[in-house]
Amino acid sequence: MATTTSGKRQGRRPGRPDTREGIVDSARKLFAEKGFARSSVRAIAHDAGVDPALITHYFGSKEGLFQATLDLPIRPEEIVERIGDGSAEDLPQRVIETFLGVWEGEDTGPAMLAVLRRGLTDPAQVDLLRQIMTQHVMASPIATFVGRDSEDTRLRISLAMTQLLGVVIARKVLGFAPIAELSRDQLAAFLLPAVTHAFYGDLDVPATTPDNSGGTA
């Protein structure tokens, strides 16, 4: 480290006002190219031209930086904690209540809708959303409660999330009536059987048998 003529050691110059945004831009690019697990803090800092310590300073951790790239209004870990606090029997209800609480909340709903709209038009954002699903949802208490083999668990969670996200898109983006006009309690009541079946119901699909009769009536 360089010293001044007075003998005092000089530290790194403080980051520019746009340093934080530059880190987020670099992280968003690397997360999209390499994925969350393979994008190191050091690599992100190198791409942004900053000291890795600045990432900890601004975001606390790589997970915090990942959240910043999505501009989420709530920590995914907090959502997972809420869902995990209870029994397996009540899991579908907790998932629905937590999900709707985030999407319908006055503080979180508009920001989540903005994230969703970006995700529908930006392939990089879609990939980041997919990664956060894999990182936080597939490896969460939901998977433990569903408790089957890994492929079956992924399918069940994916089916449940498809039901929930589909309703959000119909309600918030497309404004489909009467879905958009239902109260939150009504929506939860309609979703409960579908999400319960996705988690615990019979998913066996009979194999289709080709019609080889070749005959005519």
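The values are calculated or read from the model by the stated rules, or taken from the named source; none is laboratory data. Predicted model only: the values in this text are computed from it and were never measured. Please note: Cβ atoms are built from the backbone with ideal geometry, for glycine as well, and neighbour counts cover all protein chains shown.
Checking THR69 against (1) of a type in the set (Ser, Thr, Tyr); (2) at pLDDT 85 or above; (3) touching a Phe, Trp or Tyr at 6+ places or on another chain (Cβ under 9 Å), only one condition comes out false. Which one?
(2)
Looking at the range 72-101, which of its residues are touching a helix residue (DSSP H, G or I) at 6+ places or on another chain (Cβ under 8 Å), in a helix (DSSP H, G or I) and modelled with pLDDT under 90?
Once the filter is applied, which keeps residues that are touching a helix residue (DSSP H, G or I) at 6+ places or on another chain (Cβ under 8 Å), in a helix (DSSP H, G or I) and modelled with pLDDT under 90, the range 72-101 yields PRO76, GLU77, ILE79, VAL80, ARG82, ILE83, GLY84.
Which one is surrounded by the fewest Cβ atoms within 10 Å (Cβ to Cβ) among residues in the range 63-112 that are more than 30 Å from LEU30 (Cα to Cα) and among the acidic types (Asp, Glu)?
GLU106
Checking SER39 against (1) at pLDDT 55 or above; (2) out of contact with any Phe, Trp or Tyr (no Cβ under 6 Å at 6 or more places or on another chain), which single condition isn't satisfied?
Of everything listed in (1) at pLDDT 55 or above; (2) out of contact with any Phe, Trp or Tyr (no Cβ under 6 Å at 6 or more places or on another chain), SER39 misses just condition (2).
Can you say whether LEU203 is closer than 27 Å to ILE132 by Cα, out of contact with any helix residue (DSSP H, G or I) (no Cβ under 6 Å at 6 or more places or on another chain) and either modelled with pLDDT under 85 or part of a loop (DSSP other than H, G, I, E, B) (or both), as far as the supplied structure shows?
Details: closer than 27 Å to ILE132 by Cα: yes; out of contact with any helix residue (DSSP H, G or I) (no Cβ under 6 Å at 6 or more places or on another chain): yes; either modelled with pLDDT under 85 or part of a loop (DSSP other than H, G, I, E, B) (or both): yes.
Criteria met by LEU203.
Assess whether ARG154 counts as being surrounded by 14 or more Cβ atoms within 10 Å (Cβ to Cβ) and touching a helix residue (DSSP H, G or I) at 6+ places or on another chain (Cβ under 6 Å). Write out each step before concluding.
Values: surrounded by 14 or more Cβ atoms within 10 Å (Cβ to Cβ): yes; touching a helix residue (DSSP H, G or I) at 6+ places or on another chain (Cβ under 6 Å): no.
Taking the combined requirement at face value, the residue does not satisfy it.
Please pick out the residue among VAL137, VAL146, VAL168 that is buried (at least 19 other Cβ atoms within 10 Å of the Cβ) and within 25 Å of PHE31 (Cα to Cα).
Values: VAL146 fails: within 25 Å of PHE31 (Cα to Cα); VAL168 fails: within 25 Å of PHE31 (Cα to Cα).
Exactly one residue qualifies, and that residue is VAL137.
Yes/no per residue for (1) exposed (fewer than 13 other Cβ atoms within 10 Å of the Cβ); (2) over 13 Å from VAL95 (Cβ atoms):
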residue	(1), (2)
SER150	yes, yes
LEU164	no, no
LYS172	no, yes
GLY175	yes, yes
PRO178	yes, yes
ASP185	yes, yes
